[in-house]
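Q: Have a look at this one before I ask anything.
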Amino acid sequence: MLEMRGITKRFPGVLASDNVDFDVFPGEVHTLLGENGAGKSTLMKILYGLYEADEGEVRLHGEPLSIKNPTDAITHGIGMIHQHFMLVPPLTVAENVALGLKSSRGVLTDLDAVSERIVELGETYGLHVDPSAPIWQMAVGEQQRVEIIKALYREAKLLILDEPTAVLTPQEVDQLFVTLRQLKDDGCGLIFISHKLHEVLALSTRITVLRHGKVTGSVPVEGATRESLAQMMVGRAVKLAPDKTEAKPGNVALKIRGLRVARDRGGDGVRDLDLDVHAGEILGVAGVSGNGQMLLAEAIAGLRAPSAGSIEIAGTEVVGMTPKQVRTTGLAYVPEKRMKDGAIGDFTVSENILLIDHNDEHYLNHGLFDFGAIKKHSRQLVDEYTVKTPTLDTPARNLSGGNIQKMIIARELSGTPEVLVAAQPTRGVDIGAAEYIHTRLIKQRDEDTAILMISEDLDEVFGVSDRVAVMYEGQVMGIVDPRTATREEVGLMMAGVEQDETA
Amino acid sequence: MSDFFTEAVLIATVAGGIRLAVPLLFASLGEMFGQRSGVLNLGVDGVMLLGAFGGYYAVLKTDNVWLGLLVGVAIGVVFGLITAVMSVTLKAEQGISGIGIYLFGLGFSDLLFQKWVGTPLPIKAFPKINIPVLSDIPIIGEMLFRHSAVVYIAFAAVPLSMFIINRTNFGMKIRAVGENPEAADSLGVSVTKVRYATLIIGGLLAGVAGAALAIDLKIFQQNLTNAAGFIAIALVYFGAWRPLGVMGGALLYGFVNSIVLQLKTLGIIPRSWSDIAAMAPAIVTILALVIVAQRFKPPAALTKPFERGR
């Protein structure tokens, strides 16, 4: 039904899409696979009229087509489920669905008629939502159902799903896949964008892989494996699960008792949380985004004052300390938002590495910076952690996400910390860098650092951690052994089912 | 003080408060439309001044108050369009560009007044309309139903605004564009068109507010509005971006103002205090704003220009 031929799109300094061919037949799920920046989103934004291609042709049902804006796309039966939901939070489900459509009552809204149709669609495709509920009151999984209903309501026959599973629990993913398979069987064409290999293998009929804006391969799902797909994405063989030996946990290095942390908008985001992390182990914290993981990390780092409870790092109570004081007790922190909290984009690599040591007398000479010593220190870290940067004086923002993260990790681990808190250490990072970061975390563990790794990526949680704690609404639902636990078990806990109930 | 609590004075105070609320009500409702769609327009007072002079001048020349109001409408629409070009098309910083419009309106209205009129001459006011039956109710009738036509128009604009925002397709688009323009755009709603429309409505109502003020006072002078346009912006926050709330704010401001005026006239407030007393309405409104506004969130996209695909 869809043919895209020779699509090329240039941005200043980047070729985001380089002569890409892509097609979709009715009744199939064609996956676009690739790392961040490989050009998946660019291609789909061109198809949906958010970008204009510099070269190339789009044909729908054999007819050449020019899509200038989303309205054109919608008119031609193309629907897009965006990674960041395109919903208006204060509006109701029905209003969100009706938005932009002609009303059957002229200038007045016809929300009752819209609501009826929403309920019908919900029954046909298992997408149950209350049409009169405002979006902000709904869980993420429900919000996604609204997004799909929006497209179906507009009679979309070609659906683009941009990383639809990123914010869902494994059970919600299963439920979504049931709906998507039904749509496929009804003759819709589905474009599925993802970098989660097991999901791609479970849902797709065909897989096209992009790297640096180019198609590196297009294969049927039969015969594809995670390893073969990863190789096409990266361009070389990759190890998906890091090698690691048995952990030798020592004493408790990070001890959290009765911790409560308030959210910005009121209410406790972390509620009476107890947690121990031992020296020489990696405790993975799994959970759907927004269940208090970030508040926990910030509270440990001294960036957010808890309303109750205690946090001990290597035996020292750190609640009430400034972030700088917390660091002196032996904490290293790799924040979730690396460009906001982890690095300063306009500072050079060398300056970013110095950020936590700028008062250290090793780098000072009579109170002034000793640039020789600073350079030597950063050169050593950049080499050791294979940070790819043209020079030490390159602004950090010019580095790729993976190299910025390696730079941050180099800086944080340089002081051989007692405790490392790493939030989403490989999110948005290319597979090669992720592989390296995982190896490095395990090496640090073997050097007796206690590591608390917060991650929403279950592959990472299972592959790297020695124990897995699951957070839901600010509490630990349970702690499992990743060698024996199943994804389903962890998924249920992520959805709020206590550990005992899952057994 | 006992002079104040006589029937005649109380009636005059309430009726006066309602009258004083009218220009603010027009201007605030207009500003509310813009803000609900995500545009903060700080130029209201400037447009009010231009509308006030235009309205005054038209009535001075033609003796037709309705033509005066119409001139206010026309000036408002033109400046609403200019505001839209600056904030929507050119994506100017909204905190700054509106101040430009304000300063232009402040200076230009006075310039034209000096050039074309010079010595202030009084003009005709709006005719009073006593609503049949209702105006005969003792006390209440005198307070509420013996006003000029613009007063009724202003208060009729409140339910009309509620209806537009909550019940029409256009209103739904306004709300969507103000909260999440990317989502509205992805569904084919033109963010640009919606914002142009709300800013033109806002300009129109600011122009009307100015003309209504000048014709009600039967006079024009430099800075006639005395920053009422800025109070109108504050009232939008006070009213939590809802027509009824905005009306409540305008009435509060009008009543406090009216009470202070009465107390001064009756000599209860000594002359030497009158400047301080003149600040009372603004202080009361701002205090109320601080208390009330914290409970409500402004439209999420307020002051943020929209650009497709980031």
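Q: Gaussian network model of chain B, Cα springs within a sub-10 Å range: biggest mean-square fluctuation belongs to which of B:122, B:270, B:298?
A: B:270
Q: I need to check one value: relative contact order of segment A:1-78, counting alpha carbon pairs closer than 8 Å and at least 6 residues apart, in percent.
A: It comes to 34 percent, rounded to a whole number.
Q: Something else now. Suppose only helical runs count, i.e. DSSP H with n ≥ 4. What mean residue ellipticity at 222 nm does that imply for chain A under -39500 (n - 2.57) per run, divided by all residues and rounded to the nearest 500 deg cm²/dmol?
A: -9500 deg cm²/dmol
Q: Suppose each label sits 7 Å from its Cα in the direction of the beta carbon; what would the residue A:228-residue B:279 distance come out to in nanometres?
A: 8.0
Q: If you wrap a convex hull around the C-alpha atoms of segment A:97-182 and split its volume per residue, what is the figure in Å³?
A: 104
Q: Using a 1.4 Å probe over the heavy atoms of the protein chains, calculate the carbon and sulfur portion of the accessible area of segment A:429-503 as a whole percent.
A: It is 48 percent, rounded to a whole number.
Q: Residue B:124 to residue B:77: FRET efficiency via 1/(1 + (r/R0)^6), r the Cβ-Cβ distance, R0 22 Å, to the nearest 0.05?
A: It comes out at approximately 0.40.
Q: Right, here's the next one. Apply 1/(1 + (r/R0)^6) to the Cβ-Cβ distance of residue A:237 and residue B:292, taking R0 = 51 Å, and write down the FRET efficiency to the nearest 0.05.
A: 0.20
Q: Residue A:264: accessible area at probe 1.4 Å, nearest 10 Å²?
A: 130
Q: Another question, then. Subtracting the Cα-Cα distance from 0.36 nm times the residue separation, let me have the gained length for residue A:11 to residue A:198 in nm, one decimal.
A: Once the chain is fully extended between residue A:11 and residue A:198, it gains 64.1 nm.
Q: Suppose R0 equals 35 Å; then what is the FRET efficiency for residue A:328 and residue B:89 from their Cβ-Cβ distance, rounded to the nearest 0.05?
A: My answer for the efficiency is 0.05.
Q: Continuing with the same structure: Tell me which lysines have Cα within less than 24 Å of residue B:128's Cα, excluding those fewer than 8 residues away on the same chain?
A: B:61, B:218
Q: Also, quick follow-up: What pairs in A:157/B:304; A:40/A:388; A:214/B:173; A:68/A:337; A:376/A:406; A:40/A:375 have C-alpha atoms more than 29 Å from each other?
A: Pairs exceeding 29 Å: A:157/B:304; A:214/B:173; A:68/A:337; A:40/A:375.
Q: Counting pairwise Cα distances across segment A:331-416, what percent come out greater than 17 angstrom?
A: 41
Q: Distance in nm between label sites at residue A:379 and residue A:120, each 7 Å beyond Cα in the beta-carbon direction?
A: Going from the residue A:379 label point to the residue A:120 one covers 7.3 nm.
Q: Related question: Over all directions, average the projected area of the Cα convex hull of chain A and note it in nm².
A: Computing the convex hull of the Cα atoms and averaging its projections yields 25.7 nm².
Q: Give me the summed buried accessible area for the B-A pair, 1.4 Å probe, to the nearest 100 Å².
A: 2100
Q: Shape of segment A:148-276 from its Cα gyration tensor (a ≥ b ≥ c, root eigenvalues): rounded if a/c is under 1.5, otherwise prolate when a/b > b/c, or oblate?
A: oblate
Q: Taking the simple approach of a point 7 Å from Cα along Cα-to-Cβ for both residue A:19 and residue B:308, what is their distance in nm?
A: 2.9
The values are calculated or read from the model by the stated rules, or taken from the named source; none is laboratory data. What you are looking at is a predicted structure, and each value in this text was computed from that prediction instead of being measured. Using ideal geometry, Cβ is built from the backbone for each residue, glycine included, and neighbour counts are taken over all protein chains shown. Ligands, DNA and RNA are stripped out before the accessible areas are found, and what is left, the full protein with its side chains, is counted by its heavy atoms. Shrake-Rupley method; radii C 1.70, N 1.55, O 1.52, S 1.80 Å.
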